[in-house]
There are 2 protein chains.
Amino acid sequence: MNSAPGRAAGAASGGTYDDGVTEAAALTSVPDGGPDGEGGTLADLLSARIAAGEFPPGRRLSETALAQRFSVSRNTLREAFRVLAGQGLLEHVPHRGVSVASPRVGDVLDIYRVRRHLETGVLARADVGHPSVDRMRAAVAAAGDAVAAGDWAGVGTANMAFHEALVSLSDSPRLLRTHRQLAAELRLAFLVIGDPQTLHGRFVARNRSVLDTFAADGGPAAARELEDYLTESERTVLGAYARLGLG
Amino acid sequence: MNSAPGRAAGAASGGTYDDGVTEAAALTSVPDGGPDGEGGTLADLLSARIAAGEFPPGRRLSETALAQRFSVSRNTLREAFRVLAGQGLLEHVPHRGVSVASPRVGDVLDIYRVRRHLETGVLARADVGHPSVDRMRAAVAAAGDAVAAGDWAGVGTANMAFHEALVSLSDSPRLLRTHRQLAAELRLAFLVIGDPQTLHGRFVARNRSVLDTFAADGGPAAARELEDYLTESERTVLGAYARLGLG
DNA sequence: TGGCGCAGATTGTTGAACAACGTGTTGCGC
DNA sequence: GCGCAACACGTTGTTCAACAATCTGCGCCA
């Protein structure tokens, strides 16, 4: 997977982030322990900015420019780069710098393969009375509200919260960590496509349905439904990639 | 400075690594592309040393001491720390430094849970004609040779090669990456116990058996056998932990 | 047109310095 | 003696300036 410069989405060119603006960010370097939110570390801040689309996939990140931008030293920034590269959010090529990862078709295939493997396995073995079921329910409700409000970004985060809660059914920190990384990478793929409505809008009902099946008929039945759901989602993403000429 | 007096062997237990010895390591910072081996980056070098038991689990790693030891700057070392911490090999507590991760019982449980989930799932869906089957066979043979030679470290690496080849059956880079990290963490647990013969010796025959079942009866049957195998391995590790008073 | 070499820009790394934080110790009061 | 606050020390966090190593783009020449 050489770093073919993902010039994918047209959005890449527009973002002139290199205007002389410097942001003074309050970085504590100590995790604030909050359950969610962007955290206090530079890596978390960068991660949030990437997820927000401020640095589109494929964008090259200059050390000096970004260091000035965030009012940190190059060395500190490089440490954050290593963390994010380890999470698959950044691609690091020695002597050629880092750029925001730009998932290719092969990556999308792999991500969905692992997601299917992971999520269906968890759901099939899960206990219907697990506390995370409430979180799944809350996420479904939040997604519904967001849809009603036309807040597609909110739909996206609620959708991700649903699947994260689903993986939490396993009570496995490592499974959850792996899934978080997958979700972050997948979000990059969504940014490549750049059409949140098509991507997330159709699946809020499916989330609810999976949850209902889980409550009524148990894990294995819900897992089968989830597998179809994920495959359809994969097809949607791949279709969008093909339409963009990234096949 | 290029002496490199290789005092490796036997240094494991006492581990007074803070004698003024400085090792000049040839670090290229560009991955040498080799399929195995310790690679050229500082992070890879550190990782190999940790795996070799030179820095035992729980050991605190002083920045200035290690930087001198490897003849690198503190900043460079800190970048390597971030990489390894992202892989779960090091624990990083802000303002308190990094130490070699020391898996607790809960970690062992989680690692084996994920391994079962991952490896059995892969094996159940795998194709009997997959090229990695040859690698599995080679690993089994290598393990047999190592047992015959009494080379328990060799048995351990061959065992790990077997399971890595098994996961390769999925053709999924991300699954493979996750498994590599799990294996690295598990190796730390083995270092905590420190009895390679008991841990690896018993399982070479089981590897061969799983492989034969896979070839003869297909993936699902082999997966069932593998699950029992992993559960027994987990029990062995947990038993050793309990015996050490780490329960 | 196509390859060559050079200059500029960027990354990789170093060393020193200081700030911020944790930790262990000292000394005091009780 | 015991508990507790102030202090000194060591370590980590971060910055800065500099240089080496490497990549990239451009002009040049055949």
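Within region B:47-63, the set of residues being within 16 Å of DNA strand C (Cβ to nearest atom) and under 13 Å from the mean Cα position of the chain (by Cα) comprises just one member, B:Ser47. Note on region B:64-77: residues that are under 19 Å from A:Ser73 (Cα atoms) and either free of Cβ contacts under 8 Å to residues at least 12 places away in the same chain or more than 8 Å from DNA strand C (Cβ to nearest atom) (or both) amount to 3. Of the helices (runs of 4 or more DSSP H) contained entirely in region A:190-247, those carrying at least 3 residues that are in contact (Cβ under 8 Å) with a residue 60 or more places away in the chain and of a type in the set (A, V, I, L, M, F, W, C) fall at A:204-217, A:219-243.
The residue that is modelled with the lowest pLDDT, counting only those in region A:79-101 that are in contact with an Asp or Glu (Cβ under 8 Å, 6 or more places away or on another chain) and more than 14 Å from DNA strand C (Cβ to nearest atom), is A:Gly88.
Tallying residues that are over 19 Å from B:Gly86 (Cβ atoms), within 9 Å of chain B (Cβ to nearest Cβ) and not small (Gly, Ala, Ser) within region A:76-106 yields 1. Number of residues in region A:78-114 that are among the basic types (Lys, Arg), touching a residue at least 24 places away in the same chain (Cβ under 8 Å) and touching a helix residue (DSSP H, G or I) at 6+ places or on another chain (Cβ under 9 Å): the value is 1.
All of B:Leu123, B:Leu84 fail the test of being touching a strand residue (DSSP E or B) at 6+ places or on another chain (Cβ under 6 Å) and either in a helix (DSSP H, G or I) or surrounded by 17 or more Cβ atoms within 10 Å (Cβ to Cβ) (or both), apart from B:Leu84. Of the residues making up region A:126-153, those that are among the small types (Gly, Ala, Ser) and either within 11 Å of another protein chain (Cβ to nearest Cβ) or part of a helix (DSSP H, G or I) (or both) are A:Ser132, A:Ala138, A:Ala139, A:Ala141, A:Ala142, A:Ala143, A:Gly144, A:Ala146, A:Ala148, A:Ala149, A:Ala153. When region B:49-75 is filtered for residues that are within 14 Å of chain A (Cβ to nearest Cβ) and either more than 15 Å from DNA strand D (Cβ to nearest atom) or crowded, with 17+ Cβ neighbours inside 10 Å (or both), the ones remaining, listed by number, are B:Ala67, B:Val72.
The residues in region B:157-173 that are surrounded by fewer than 21 Cβ atoms within 10 Å (Cβ to Cβ) and at the interface with chain A (Cβ under 10 Å from one of its Cβ atoms) can be counted, and the count is 3. In a helix (DSSP H, G or I), in contact with a Ser or Thr (Cβ under 9 Å, 6 or more places away or on another chain) and either modelled with pLDDT of 95 or more or β-branched (Val, Ile, Thr) (or both): does that describe B:Leu176? When the stated conditions are applied, B:Leu176 passes them. Within region B:148-175, which residues are touching a helix residue (DSSP H, G or I) at 6+ places or on another chain (Cβ under 7 Å), farther than 13 Å from B:Pro196 by Cβ and of a type outside the set (Gly, Ala, Ser)? Within region B:148-175, B:Phe162, B:His163, B:Glu164, B:Leu166, B:Val167, B:Leu169, B:Pro173, B:Arg174, B:Leu175 meet the criteria.
The values are calculated or read from the model by the stated rules, or taken from the named source; none is laboratory data. Just so it is clear, the structure is predicted and the values come from calculations on it, not from any experiment. Reconstructed Cβ throughout: ideal geometry from the backbone, glycine too, with neighbour counts over all protein chains shown.
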